[in-house]
1. Consider only pairs whose beta carbons are under 7 Å apart and that are at least six residues apart or on different chains; among these, list those whose first residue lies in the range 29-48 and is assigned to a loop (DSSP other than H, G, I, E, B) and whose second residue is modelled with pLDDT under 80.
2. Inspect all residues belonging to the range 58-72 and state whether any of them is outside any loop (DSSP other than H, G, I, E, B), modelled with pLDDT under 70 and hydroxyl-bearing (Ser, Thr, Tyr).
3. Quick one: in the range 73-86, which of the residues that are among the aliphatic types (A, V, I, L, M), at pLDDT 85 or above and assigned to a strand (DSSP E or B) is surrounded by the fewest Cβ atoms within 10 Å (Cβ to Cβ)?
4. For the range 24-32, does any single residue satisfy the condition of being modelled with pLDDT of 80 or more and of a type outside the set (Val, Ile, Thr)?
5. Out of the range 43-61, which residues are surrounded by fewer than 13 Cβ atoms within 10 Å (Cβ to Cβ) and closer than 23 Å to Ser33 by Cβ?
Amino acid sequence: MDFLKLFSKEPPSKDVAKERLKLILIHDRANVSPTFLEMLKSDIIRVISDYAEIDERGLEIKLTKAGEEGISTPALIANIPIRKMKDTAK
C-alpha cells in the first residue's frame, strides 16, 4: 500500500471515471450535445455579465440528475463566482 496516497486530496481515479460516466449518461438521456451545453454556458455568461462581474475561470456549469420519490429529471447546476455587482440602478 502506498502511504502517500492516504494523504492525497485528489479523489481516486475510479471515482473520477465514475463521475465522468454519470455525466455522459445524463447528457445522453437529456439529448444535450456538448456544443449545446457550451452555447448555453455562453448565453448564461453574457446575461449575468450585464449585472455582475464574474470570474469565468471558476465558472462551472453542468447537467446532473435531480428529483424526488424515484422520479429523476435532468437539472442544470451553475456555480458562478461573482467578483462584484454592477451598478444597474439608473
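1. Ala30/Leu63; Ala30/Pro74; Val32/Leu63
2. Yes, there is a match, as at least one residue in the range 58-72 is outside any loop (DSSP other than H, G, I, E, B), modelled with pLDDT under 70 and hydroxyl-bearing (Ser, Thr, Tyr).
3. First, pick out the residues of the range 73-86 that are among the aliphatic types (A, V, I, L, M): 75-78, 80, 82, 85.
Pick out the ones that are also at pLDDT 85 or above and you get 78, 80, 82, 85.
Okay, now just the ones that are also assigned to a strand (DSSP E or B), so 78, 82, 85.
Details: Ala78: 13, Ile82: 12, Met85: 9.
So, considering only residues that are among the aliphatic types (A, V, I, L, M), at pLDDT 85 or above and assigned to a strand (DSSP E or B), the one surrounded by the fewest Cβ atoms within 10 Å (Cβ to Cβ) is Met85.
4. Within the range 24-32, the first condition is being modelled with pLDDT of 80 or more, and the residues that meet it are none.
No, the range 24-32 has no match at all.
5. The answer is Asp43, Arg46, Val47, Glu56, Glu60.
The values are calculated or read from the model by the stated rules, or taken from the named source; none is laboratory data. Computed from a predicted structure; not experimentally measured. Cβ sites come from the backbone with ideal geometry, for glycine too, and all protein chains shown count toward neighbours.
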